[in-house]
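Read-outs throughout are calculated quantities, based only on the coordinates presented, and are distinct from any laboratory measurement. This is a predicted model, so every value here is computed, not measured. Cβ: placed from backbone, ideal geometry, glycine included. Neighbour counts: every protein chain shown.
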Amino acid sequence: MKKEEGGGVKVRVDAAACQGHGRCYALAPDVFETDDHGHCVVPAADVTPEREAAARAGAENCPEDAITLDQD
């Protein structure tokens, strides 16, 4: 993960790495969703500063490190 909190981020999910543990969308349902197979999807890659902490919590709790946050 890159950047310090405060300015919004872009969220990327490595679909090949995601194993569908569900921690991301359990912690941040306004940022992450699940597909038909239980894997993480991001409906809007651009995350506002107001939702950044939630996105970061989801990414930090991914056991596969499949979620990347980049400076917006």
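Observations
- Förster-model FRET efficiency, 25 Å R0, Glu60 and Asp36, C-beta, rounded to 0.05: 0.45
- The chain, helix-only ellipticity at 222 nm - DSSP H runs n ≥ 4, -39,500 (n - 2.57), divided by all residues, nearest 500: -6500 deg cm²/dmol
- Viscosity 0.692 mPa s, temperature 37 °C, Stokes-Einstein D of the chain from Kirkwood C-alpha radius, µm²/s: 281 µm²/s
- Cut-off under 5 Å, modelled amide H: who pairs with Gly20 long-range: Cys40
- Take the convex hull of the alpha carbons in region 8-49; its mean projected area over all directions comes to 2.8 nm².
- Phi-based couplings in Hz for region 20-26 (Karplus 6.51, -1.76, 1.60; Gly and Pro marked x): x, 5, x, 5, 4, 7, 6
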